[in-house]
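Handing you this structure, nothing more for now.
The values are calculated or read from the model by the stated rules, or taken from the named source; none is laboratory data. If you're wondering where the values come from, they're calculated on a predicted model, not measured in any experiment. Every residue, glycine as well, gets a Cβ built from its backbone with ideal geometry; the counts of neighbours run over all protein chains shown. Surface accessibility is based on the protein's heavy atoms, side chains included, excluding ligands, DNA and RNA. Shrake-Rupley method; radii C 1.70, N 1.55, O 1.52, S 1.80 Å.
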Amino acid sequence: MSEKKAQLSIDGIDEPIDLPVYEGSTGPDVVDVSSLVGHGVFTYDPGFMSTAACDSDITFIDGGKGILLYRGYPIEQLAEKSNFLEVCYLLLHGELPSATENQEFENRIRYHTMVDEHIHRFFRGFPSSAHPMAMLCAVVGGLSAFYHDTLDIDNPEQRIGAAHRIIAKLPTLAAMCYKHGVGQPFMYPQNDMDFSANFLHMMFGTPCEPAKVSPILAKAMDTIFLLHADHEQNASTSTVRLAGSTGANPYGCIASGIAALWGPAHGGANESVLKMLGEIGDESRIDEFILRAKNKDDPFRLMGFGHRVYKNFDPRAKVMREICDEVLEELGAHDDPLFRMARKLEKIALEDEYFIERKLYPNVDFYSGITLKAIGIPTNMFTVIFATGRTPGWIAHWNEMLSHPYRIGRPRQLYKGHTQRDYPA
Ligand code: CMC
């Protein structure tokens, strides 16, 4: 029981209303306003700026201090010592796996990497101009038509079965989205490869010639997935929870998360970094664009700089910067004009008073965009990569919600439309 209380006085209600205040293990307290409906009032918080919509044990962010923890473990330590699949296990089960659990989990994921052959026909129905996110969203929702043995959301084993299937199949489907667009045959997963190397094999290999997957690029890919694996109650995760609260099946819920991630304000930022670099075009024009970014009358902003939550630094960006360097080194791409321009932009912004004063540091998207581009991933696939990484987070939140008593999510509104009126005679 909560001992802390808040009191709310509302004009027209005689007595102040006592509201319990709950303390989390860390982070801000929350005021429980759920009893207000009994007093005939709702709370109003568009954009959920001050609203905690659930309890969660999965991820903690302190934006002021630049902290991101998955199940208590700092993201920097996980990026250094762990790998994406182990992090999937951690997010899903709450603890790091033992060596045996890790092996079993990896085997389970490998076992499920292939998709039903009928799914290949789904792709044939899409024009080759289809955006990869349009295809991904449709085929992930469509998985519910195939895997009937993982649709009982009240059965914890079936929920975990769905989680394994979705995590395992996402890279296969992501690569299929790419192959369809470029008119190449789909590549089957090769299960003696690690998760992220296998993804690069399905992206860049052909039946005529296997991809030469460099361990450094595979590690970079794995780190990109790991850094994106969860970010607590962001828009797409909240969408997955809301869809899940209706009792919808897991594949439909993840498809709803993919749709929410598609928006440029959410998953599309790293794509914008590359578009901006293309727009700048040449190092000689950087100063001009920096001036534009500072000009209040110009809507232009430096893409990949600043963050809504991280106000000192983005801990993911620090890790991603090193990975980006390693990839450029491996590919001998440091002198590529695009990457030289990115480096110069980063240097100028980090030394410029305007950016220092406003704490506008390069964010994870700045470096992940450059890294993905260097690896050879086309920009329209960037959000698909983000979705592949974010999948364990979505599914862990979905499973967490269903493991406890929950209610259908049903926000209220401040109605400002017509009051009742009669249909014209
Ligand atoms: N370039 C130039 N000026 C900027 C930028 C920027 N990228 N970002 C913020 N500012 C300025 C802004 O004009 C304002 O200046 P002033 O105080 O003089 O009015 C000040 O900095 C504070 O800006 P804000 O809009 O209050 O900051 P915010 O927290 O609302 O916005 C943001 C955060 C990420 C939307 C914004 O920084 C931005 O648009 N960045 C570029 C887009 C981008 O890279 N987005 C990806 C974020 S990471 C995604 C993820 O984690 O999922």
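Taking only DSSP H segments of four or more residues, each worth -39500 (n - 2.57), what value at 222 nm results for the chain once the sum is divided by all its residues, to the nearest 500 deg cm²/dmol?
Helix contribution divided over all residues of the chain: -15500 deg cm²/dmol.
Moving on. For segment 127-250, what does the accessible surface come to per residue with a 1.4 Å probe? Please give it in Å².
So segment 127-250 comes to 36 Å² accessible per residue, rounded to a whole number.
Additional query: If one computes P(r) from the Cα atoms of the chain, what percent of pairs lie at distances over 27 Å?
Looking at the chain, the distances longer than 27 Å represent 56 percent of pairs.
Classify segment 31-71: rounded, prolate or oblate, from the alpha-carbon gyration tensor (a ≥ b ≥ c, eigenvalue square roots; a/c under 1.5 rounded; otherwise prolate if a/b is larger than b/c)?
Taking the square roots of the gyration eigenvalues as a ≥ b ≥ c, segment 31-71 is prolate.
For segment 358-406, take the alpha-carbon Rg, divide it by the Kirkwood Rh, and send me Rg/Rh.
My calculation of the ratio gives 1.19.
I would also like to ask the following. In segment 117-226, which trypsin sites (Lys or Arg not before Pro) fall in coil by DSSP and have 12 or fewer other Cβ atoms within 10 Å?
Sparse-neighbourhood loop trypsin sites (Lys or Arg not before Pro): K212.
Hey, could you pull the Cα Rg and Dmax for segment 187-294, both in Å?
18.9, 55
If you count only protein heavy atoms and use a 1.4 Å probe, how large is the accessible surface of H404, to the nearest 10 Å²?
100
Using 0.36 nm per residue of separation minus the Cα-Cα distance, give me the extension gain between D14 and Y423 in nm, one decimal.
The D14-Y423 span can extend by a further 143.4 nm.
First measure r as the distance between the Cβ atoms of K5 and A235, then evaluate 1/(1 + (r/R0)^6) with R0 = 35 Å and state the FRET efficiency to the nearest 0.05.
E between K5 and A235, to the nearest 0.05, is 0.65.
Pick from G181, G332, G257: which is most flexible by mean-square fluctuation in a GNM of the chain where alpha carbon atoms under 10 Å apart are linked?
G332
Now a separate question. Less than 13 Å Cβ to Cβ from E23, Lys/Arg counted +1 and Asp/Glu -1: what total charge do the surrounding residues give?
Around E23, the surrounding residues sum to -2.
Would you mind pulling out the separation of the Cα centroids of segment 108-142 and segment 305-360, in Å?
Result: 34 Å between the Cα centres.
What net charge is computed for the residues neighbouring R159, neighbours being all others with C-beta under 15 Å from the C-beta of R159, Lys and Arg scored +1, Asp and Glu -1?
Once all neighbours under 15 Å are counted, the net charge is -2.
Okay, next question. Given the convex hull over the Cα atoms of segment 122-265, what projected area results after averaging over all orientations, in nm²?
In nm², the orientation-averaged hull projection of segment 122-265 is 9.6.
Quick one: net charge around S9, please, counting Lys, Arg +1 and Asp, Glu -1 for every other residue with C-beta under 15 Å from its C-beta.
Within the 15 Å Cβ shell, the charges total -3.
Can you pull the accessible area of S82 for me, 1.4 Å probe, Å² to the nearest 10?
Its accessible surface works out to 20 Å², give or take rounding.
Could you give me the radius of gyration and the Dmax of segment 117-204, taking only the C-alpha atoms into account and expressing both in angstrom?
Cα-based Rg and Dmax for segment 117-204 come out at 13.7, 41 Å.
Take F146 and H120, extend 7 Å from each Cα along the Cα→Cβ direction, and tell me the distance between the two endpoints in nm.
Taking the simple label geometry, F146 and H120 are separated by 1.1 nm.
Counting pairs of alpha carbon atoms under 8 Å apart in space and at least six apart in sequence, what relative contact order in percent does segment 14-53 give?
Relative contact order of segment 14-53: 26 percent.
Between N312 and E353, what is the label-point separation in nm under the 7 Å Cα-to-beta-carbon projection?
Those two pseudo-labels are separated by 2.4 nm.
Can you give me the relative contact order of the chain as a percent, contacts being Cα pairs under 8 Å and 6 or more apart?
RCO, the chain: 20 percent.
Once the dipole of segment 239-338 is set up with Lys and Arg at +1 and Asp and Glu at -1 on Cβ about the Cα centre, which of G267, H334, V309 lies farthest towards its positive end?
Result: V309.
Report, as a whole number in µm² per second, the diffusion coefficient that Stokes-Einstein gives for segment 314-425 at 25 °C and 0.890 mPa s using the Kirkwood radius over alpha carbon pairs.
Calculated translational D: 133 µm²/s.
Next question. Out of V41, V139, V213, any idea which swings most in a Gaussian network model of the chain, alpha carbons joined below 10 Å?
Ranking V41, V139, V213 by mean-square fluctuation puts V41 first.
Only Cα pairs within less than 10 Å get springs; with that Gaussian network setup on the chain, which residue of G94, G40, G141 has the largest fluctuation?
Taking springs between Cα atoms under 10 Å, the residue moving most is G40.
So if the hydrodynamic radius of segment 220-267 is defined as the Kirkwood radius over C-alpha pairs, what does Stokes-Einstein give as its diffusion coefficient at 4 °C and 1.567 mPa s, in µm² per second?
114
Same structure, new question: Roughly how big is the chain's charge dipole about its Cα centre, with Cβ charges of +1 (Lys, Arg) and -1 (Asp, Glu), in debye to the nearest 20?
About 1060 debye.
Of all the accessible heavy-atom surface of the chain, with the other protein chains kept in place and a 1.4 Å probe, what percent is carbon and sulfur?
Carbon with sulfur: 52 percent of the solvent-accessible area.
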